[in-house]
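The values are calculated or read from the model by the stated rules, or taken from the named source; none is laboratory data. In this text, all values refer to a predicted model and were calculated from it rather than measured experimentally. For neighbour counting, all protein chains shown are included, and Cβ atoms are generated from backbone atoms with ideal geometry for every residue, glycine included. The accessibility values were calculated without ligands, DNA or RNA, using every heavy atom of the protein model including side chains. Shrake-Rupley method; radii C 1.70, N 1.55, O 1.52, S 1.80 Å.
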Amino acid sequence: MASVGLRHIAKSYGALQVVHDVSLAVEDGEFIALVGPSGCGKSTLLRMIAGLEDITGGEVLIGGTVVNAMTPRERNIAMVFQSYALYPHMSVADNMGFNLKLAGVTKPEIARRVQEAARMLALEDLLQRKPSQLSGGQRQRVAMGRAVVRDPAVFLFDEPLSNLDAKLRVQMRTEIKALHQKVGTTSIYVTHDQIEAMTLADRIVVLNAGRIEQVGTPMELYRTPANLFVAGFIGSPAMNLLEGTIDADQDQPVVRLNGGSSIRIAPERRVRRGQSVRIGLRPEHLTATGDESIGGQTLLVEPTGAQTHVLFEFAGQQMTAVVDGDHPARHGTPFRAGIDRNLVYVFDGESGKTL
Ligand SMILES: Nc1ncnc2c1ncn2[C@@H]1O[C@H](COP(=O)(O)OP(=O)(O)O)[C@@H](O)[C@H]1O
Ligand SMILES: [Mg+2]
């Protein structure tokens, strides 16, 4: 196991810079998720850590040593990709042990490590099968097993679950987390799926256009997003955002929304009269009770079981509320939701920074 350090990492392809001044300290044993929209530079960053991509600027450290000039093998990392890339003619056991064989590890030692990894990943009964005789989830487990047997200093995952169907993805997510709890190896996990990042990671790094927007625990990012981008990216369904201008009412700050309504905000907000802002309301915070209420025509009702998503119109736009599954909301009828003033997010209209 080892810590991983990124110091002012930059990456350019010709004139195009795709990673800008990324610095990050990953602690030994930590599980870090790199999350952001497609094309924001996640894979590029991971591949630079792995040694599969040249580093244009800055330093990558593994276990405190600068590894920029080291080959992937010398870095002692193991990578799990979206495509499993198993050898079709080899058994599961041989697939898992292949890299060890190349590295000159003895046969009994390979057998021991493969057995141990198979036990951890519930692959013991499948060791003699060929990849074609496995389901997608089992193949991905073998790909993870291949990484585990090497006992690397760091695991790097690049969207390993993207090829699986929704149900299997949730199941494998649980397995990856359980695996990390067992082996404790430092892990960096790339995903575009914020739920995957939230559920797996000790800390999340939100990337946008090659830059870090915020680093924090899942709940820090959810509760105190640094800016509009993180606020909109973390949380599902996404935060409702409304444009408005700061005004005062009896010395208390109030946001006059562009649609004509007003919403009071907590007096501690660092806002000034006339400032253009965006306010954010999480769908799950639009409950029956609150300091004040908003509402409008119900446009759509989506039951999911325990909860129901209600789409309604307010201030000239479509809003989402998450309510109890037994809520009586019905298409075409009025919907009202209470809001707690302390749960209204306020962002600067220009910079997007949280106020
Ligand atoms: N070999 C390459 N040559 C030129 N541009 C590339 C190359 N690889 C990736 N890019 C560009 O770098 C950016 C980041 O890509 P990538 O790291 O794959 O994003 P992500 O994994 O977050 O979806 C994208 O704009 C992509 O088009
Ligand atoms: Mg990618």
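Have a look at 60, 19, 26, 92 and point out the one that is within 16 Å of ligand 2 (Cβ to nearest atom), out of contact with any His (no Cβ under 7 Å at 6 or more places or on another chain) and among the aliphatic types (A, V, I, L, M).
19
I need the full set of residues from region 191-212 which are touching a Pro at 6+ places or on another chain (Cβ under 9 Å), of a type outside the set (S, T, N, Q) and part of a strand (DSSP E or B), in order please.
203, 204, 206, 207, listed by residue number.
I'd like to verify a number: residues in region 10-39 that are within 13 Å of ligand 1 (Cβ to nearest atom) and over 24 Å from residue 162 (Cβ atoms), how many?
7
Please enumerate the residues belonging to region 194-203 that are within 19 Å of residue 79 (Cα to Cα) and within 16 Å of ligand 2 (Cβ to nearest atom).
Listed by number, the residues that qualify are 196, 197.
Counting only residues that are open to solvent by 20 Å² or more (accessible area, probe 1.4 Å) and either assigned by TED's automatic domain parsing to the domain that holds residue 158 or modelled with pLDDT of 95 or more (or both), give me the strands (runs of 3 or more DSSP E) lying completely in region 1-102 with at least 2 of them.
Filter on region 1-102 gives 4-13, 16-26, 57-62.
Scan region 178-219 for residues that are more than 21 Å from residue 25 (Cα to Cα) and over 9 Å from the mean Cα position of the chain (by Cα) and jot them down.
Listed by number, the residues that qualify are 178, 179, 182.
If residue 13 meets every condition in (1) under 18 Å from the mean Cα position of the chain (by Cα); (2) of a type outside the set (A, V, I, L, M); (3) within 16 Å of ligand 2 (Cβ to nearest atom) apart from one, which number is that one?
Here residue 13 clears every test but (1).
For region 303-322, name all the residues that are of a type in the set (A, V, I, L, M, F, W, C) and either over 9 Å from residue 240 (Cβ atoms) or outside any strand (DSSP E or B) (or both).
Passing the criteria: 306, 310, 311, 312, 315, 322.
With 71, 44, 65 as the choices, which residue is within 15 Å of ligand 1 (Cβ to nearest atom) and hydroxyl-bearing (Ser, Thr, Tyr)?
Selected residue: 44, the only one of 71, 44, 65 that is within 15 Å of ligand 1 (Cβ to nearest atom) and hydroxyl-bearing (Ser, Thr, Tyr).
With the requirement that a residue be open to solvent by less than 50 Å² (accessible area, probe 1.4 Å) and either in a strand (DSSP E or B) or in contact with a His (Cβ under 9 Å, 6 or more places away or on another chain) (or both), what does region 259-300 give you?
Those that are open to solvent by less than 50 Å² (accessible area, probe 1.4 Å) and either in a strand (DSSP E or B) or in contact with a His (Cβ under 9 Å, 6 or more places away or on another chain) (or both): 262, 263, 277, 279, 280, 281, 283, 292, 294, 295, 296, 298.
Kindly indicate the residue of region 144-177 that is within 19 Å of the chain's Cα centre (by Cα) and charged (D, E, K, R) and also most open to solvent (accessible area, probe 1.4 Å) among those meeting that condition.
Filtering region 144-177 for residues that are within 19 Å of the chain's Cα centre (by Cα) and charged (D, E, K, R), the one most open to solvent (accessible area, probe 1.4 Å) comes out as 167.
Any idea how many residues of region 112-132 are surrounded by fewer than 14 Cβ atoms within 10 Å (Cβ to Cβ) and among the hydrophobic types (A, V, I, L, M, F, W, C)?
Looking only at that region, the number is 1.
Would you say residue 145 is away from ligand 2 (no atom under 16 Å from the Cβ), at negative phi and in the same structural domain as residue 76 (by TED's automatic domain parsing)?
yes
Can you tell me which residues in region 156-188 are touching a His at 6+ places or on another chain (Cβ under 8 Å) and closer than 14 Å to residue 1 by Cα?
187
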